[in-house]
Amino acid sequence: MWLRYAFLNHAWWLGCCLVCHTVGTCRWFVPLTTYYVCGTACWLTHVAGHYSWSGAWYKFHTLGHHIRSYPPSKFLQTRYVSFEARRRMTNCNPLFDLNTLMYSPWVLFTAVIHALCGVNDAGSLSVCLATGVLFLQQQDYMHTHIHLRGSWLEQYEWFYHLRHMHLKHHQNDMKHNFGVNDFVLDVIAGTLLL
């Protein structure tokens, strides 16, 4: 089931490519290459958050999110609260949440990579930045709903499969299923656990 969702996810991004090309706003491949470059960088950042050598990121992500806020016994909750908000005992501004600070630079990095590869027209770079932001929003939205008991997405079978795979990520050594929406890199890296 995860493979079907991954296929639909990739098809959606390819559809964005075709729309952008048809409208003439950018080179046809920009949304898809942005998805892959930004997605790979975010996946690697997520992996790093599970190793102590990443310092504060490990403390925030693994010790905070996985062990304190959402251990397997509290994986589903009625309201999603980030570790930063729990730590401060308040509703924190998501712009200053460490998750945002860790993943957001990859959007700009992706635009720079495109520019260095000669994709430097204003339309393509604008679409690249917009696609990167949309990608991060999609990841965050899905991750929030995966932890949310009673999510409106529970009506879909594919969502239960994503949730199950993310639960596996929170269990045991927490070294599997680093993807949120897409597990292709987990297949390549040998970290996929069904």
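For the reader, a short list of remarks on this structure follows.
- Which listed residue, of G49, G24, G55, G39, is surrounded by fewer than 13 Cβ atoms within 10 Å (Cβ to Cβ) and at pLDDT 90 or above: G55
- Restricting attention to region 6-48, the residues that are in a helix (DSSP H, G or I), more than 28 Å from H61 (Cβ to Cβ) and small (G, A, S) add up to 2.
- A search for C-beta distances below 6 Å between a residue of region 169-180 that is farther than 15 Å from W43 by Cα and polar (S, T, N, Q) and any residue that is outside any loop (DSSP other than H, G, I, E, B) and open to solvent by 50 Å² or more (accessible area, probe 1.4 Å), counting only pairs 6+ apart in sequence or on different chains, returns Q171/P72.
- L98 vs. criteria more than 22 Å from R149 (Cβ to Cβ) and either at pLDDT 65 or above or surrounded by 15 or more Cβ atoms within 10 Å (Cβ to Cβ) (or both): yes
- Scanning region 102-112 for residues that are farther than 23 Å from A6 by Cβ and open to solvent by 20 Å² or more (accessible area, probe 1.4 Å) returns M102, S104, P105, L108, F109, V112.
- The set of residues from region 116-159 being of a type in the set (F, W, Y), open to solvent by 30 Å² or more (accessible area, probe 1.4 Å) and touching a residue at least 24 places away in the same chain (Cβ under 8 Å) comprises just one member, W158.
The values are calculated or read from the model by the stated rules, or taken from the named source; none is laboratory data. All values reported here derive from a predicted model rather than from experimental measurement. Please note: Cβ atoms are built from the backbone with ideal geometry, for glycine as well, and neighbour counts cover all protein chains shown. With ligands, DNA and RNA removed, areas are computed over all heavy atoms of the protein, side chains included. Shrake-Rupley method; radii C 1.70, N 1.55, O 1.52, S 1.80 Å.
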